[in-house]
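What follows is a single structure, written as structure tokens, with notes after it.
The values are calculated or read from the model by the stated rules, or taken from the named source; none is laboratory data. Every value quoted in this text rests on a predicted model; they were computed, and no experiment measured them. When we count neighbours, we look across all protein chains shown, and the Cβ atoms used for this are built from the backbone with ideal geometry, even at glycine. Each accessible area value is taken on the protein alone, full model and side chains, heavy atoms only, with ligands, DNA and RNA left out. Shrake-Rupley method; radii C 1.70, N 1.55, O 1.52, S 1.80 Å.
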Amino acid sequence: MECVNGSLVREFVFLGFSSLAGLQRLLFAVFLVVYLFTLGTNAIIISTVVLDRALHTPMYFFLAVLSCFETCYTFVIVPKMLVDLLAQKKAISFLGCAIQMFSFLFLGCSHSFLLAAMGYDRYVAICDPLCYTVLMGHGVCVGLVAAACACGFTVTQIITSLVFHLPFHSSNQLHHFFCDISPVLKVASHHTHFSQIVIIMLCALVLIIPLLLILVSYICIISAILQFPSTLGRYKAFSTCASHLIIVIVHYGCASFIYLRLKSNYSSSQDALISVSYTILTPLFNPMIYSLRNKEFKSALQRVVGRTICLSR
């Protein structure tokens, strides 16, 4: 039901690409190709890690989980966005909006804590290599992933409840292409400063705590690497951390820009552009940064493809 004065909102209408009406079919084609490529590369990563025993290590276990998170993250947002690019009315139900917000926040928050776990893995591998297999056993890795998901679920449950318990009477038009926190808050009839502060604090904690853990890990890593006797050894150690650092910078940079200034003056189109970068482009680049340029992974991929071809004959 469309929103009128005195009635409750039953659906939201997306206006994220309304200013680009003439380009929506082109955007559909571009985003579809990028989305299919992202799904394909992440599927290659996950299947290669599962099928090749040489990659049954903590680093690649976390990488496979990261690929799962990113696959699910894009699935929550991109298919609906692609449908809306071809639809006359770009609407989502109230419940659907709440489910979409919960899902992408859960995956995004868990992603932040997972990056911290990956930083810890690099710290143990470089600073305490002799105890690596003990400190990063399978049970520990599964426990770190479970802890990341538990933290993500708890934070997401609180934020989603705070947002969707607000009254929505005056408008149902979201100047975005999915149900993000800021656009939904902007159409709420009113919200207290307390709920706003709690949401900002939770977003800040999800970003700051994992980032601080990563910084501590890398301070220890860098100090350990600088003590390596050979230049080649230092180069190899730095190269194993470079991909993780790039993803950390992109993830926390985009997320900080979006979620740490809910009440500031900003352009909705600017936010939509940044959101496109971390919902579509970042999941595309992460597999290439983390895996497809990694010699060990490429060797494992060749073995898996070779075995698959032999079995198919």
Query raised in the report: Which far-off residues, 5 or more places away or on another chain, put their amide H under 5 Å from the one on residue 174, with H placed in the peptide plane?
Result: 13, 14, 15
Query raised in the report: Rounded to the nearest 500 deg cm²/dmol, what is the calculated helix-only ellipticity per residue at 222 nm for the chain, with -39500 (n - 2.57) per DSSP H run of length n ≥ 4?
Result: -24500 deg cm²/dmol
Report task. Using a 1.4 angstrom probe, figure out how much accessible area region 159-254 has per residue, in square angstrom, rounded to the nearest whole. Result -> 49
Report summary line: Mean separation of Cα contacts under 8 Å (at least 6 apart) over the residue count of the chain, i.e. the relative contact order in percent, is 27
Query - Alpha-carbon centroid distance for the pair region 40-104 / region 193-221, whole angstrom - result: 23
Query raised in the report: Among 244-254, 118-128, what's the highest-first ranking by average C-beta atoms within 10 angstrom per residue?
Result: 118-128, 244-254
Query raised in the report: Which whole-Hz ³J(HN,Hα) couplings does region 172-184 yield from phi under the Karplus relation 6.51 cos²θ - 1.76 cosθ + 1.60, θ = phi - 60°, glycine and proline marked x?
Result: 10, 9, 9, 7, 7, 10, 7, 7, 8, 5, 4, x, 5
Report summary line: The answer for region 8-143, accessible area per residue at 1.4 Å probe in Å², is 45
Query raised in the report: How many percent of the accessible area of the chain is carbon or sulfur, using a 1.4 Å probe?
Result: 72
**Report entry** Charge sum, other residues only, whose C-beta stays under 15 Å from residue 66's C-beta, Lys/Arg counted +1 and Asp/Glu -1
**Finding:** -1
Report task. Could you go through region 78-88 in sequence order and give the Karplus-derived ³J(HN,Hα) for each residue, using 6.51 cos²θ - 1.76 cosθ + 1.60 with θ = phi - 60°, rounded to whole Hz, and x for Gly and Pro? Result -> 5, x, 5, 5, 5, 4, 5, 5, 9, 8, 6
Query - Integer Hz, Karplus 6.51/-1.76/1.60 couplings in order for region 304-312, x for Gly and Pro - result: 5, 5, x, 5, 5, 5, 5, 5, 7
Report task. Once you have a ≥ b ≥ c as the square roots of the Cα gyration tensor eigenvalues for region 209-250, tell me rounded if a/c is under 1.5, and otherwise prolate or oblate according to whether a/b is larger than b/c. Result -> oblate
